[in-house]
Amino acid sequence: MTYLVIRVRSDRGVTKKIKDTMSMLNLTKVNHAVLIPKTAPYEGMLQKVKDYVTWGEVEEATIESLIKERGKMSGGRPITDSDIKEFSSHSTIKSLSKAIATGDATTKDVEGMKPVFRLHPPRGSKGWGGIKRAYSVGGALGFRGEGIGDLAARMF
């Protein structure tokens, strides 16, 4: 299983430990997203930065559209199936997405692929829903479960 983690708040006035944890997660700016495996060390990091990010378990279709629409190779060019075939052991974006969703691969497996996806702010009347409140009470922060796919779709 894989998590999609999106940074919601800036690091203005944040402790150094939390800033360092967000930089280790490659979340250096607001509206940046990363795909991380569901492991105990990463879950500990997410608990540390839970007041600044939102995350949830992501499906294969969402990963595929994220890579197609927002994925970049080094140099800033979009990712294509030929790039995936040339720089990884996978043949298409779809097969890479399936492997990432099951936890068999990561974005690091594609040589030259940037680990960060730069997203738009959420579209629609709801927006974030409040960046200082937890998702469980109508805000944007913390664990979303499968609801992360809906947020990601509004941010492509």
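The values are calculated or read from the model by the stated rules, or taken from the named source; none is laboratory data. These numbers were taken from a predicted model, which means no experiment stands behind them. Here Cβ is always computed from backbone atoms with ideal geometry, including for glycine, and neighbour counts include all displayed protein chains.
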Going by the conditions given, is Ala105 in contact with a His (Cβ under 8 Å, 6 or more places away or on another chain) and either of a type in the set (Asp, Glu) or more than 15 Å from Val34 (Cα to Cα) (or both)? no
Considering only residues that are of a type in the set (Lys, Arg) and either under 13 Å from the mean Cα position of the chain (by Cα) or exposed (fewer than 14 other Cβ atoms within 10 Å of the Cβ) (or both), which ones fall in segment 37-53? Lys38
Cβ pairs under 6 Å, 6+ apart, first in segment 140-156 and in contact (Cβ under 8 Å) with a residue 24 or more places away in the chain, second crowded, with 19+ Cβ neighbours inside 10 Å and part of a helix (DSSP H, G or I): Gly142/Tyr135; Arg144/Tyr135; Gly149/Thr62; Ala152/Thr62
List pairs: first residue in segment 67-92 and at positive phi, second residue surrounded by fewer than 12 Cβ atoms within 10 Å (Cβ to Cβ) anywhere in the structure, Cβ distance under 6 angstrom, at least six positions apart or on different chains. none
Can you name the helices (runs of 4 or more DSSP H) wholly within segment 74-156 that have at least 1 residues being of a type in the set (Asp, Glu) and out of contact with any Leu (no Cβ under 6 Å at 6 or more places or on another chain)? 81-87, 148-155
Residues being farther than 12 Å from Asp109 by Cα and aliphatic (A, V, I, L, M) - total across segment 74-95: 2
Matching option when the condition is surrounded by fewer than 13 Cβ atoms within 10 Å (Cβ to Cβ), within 18 Å of the chain's Cα centre (by Cα) and of a type outside the set (S, T, N, Q), among Gly56, Gly75, Gly103: Gly103
Restricting to segment 2-38, name every residue that is of a type in the set (A, V, I, L, M, F, W, C) and part of a loop (DSSP other than H, G, I, E, B). Val8, Val14, Leu25, Leu27, Val30
Identify, please: which residue in segment 2-36 is out of contact with any strand residue (DSSP E or B) (no Cβ under 8 Å at 6 or more places or on another chain), under 25 Å from Thr106 (Cα atoms) and aliphatic (A, V, I, L, M) and is, among those, surrounded by the fewest Cβ atoms within 10 Å (Cβ to Cβ)? Met24
Return yes or no: is Gly138 surrounded by 17 or more Cβ atoms within 10 Å (Cβ to Cβ) and at positive phi? no
Extreme residue, nearest to Thr2 (Cα to Cα), among residues of segment 47-70 that are of a type in the set (Val, Ile, Thr) and outside any helix (DSSP H, G or I): Val58
Candidate set: segment 1-48, residues that are farther than 20 Å from Gly139 by Cα and touching a Gly at 6+ places or on another chain (Cβ under 8 Å); chosen: the one modelled with the lowest pLDDT: Met1
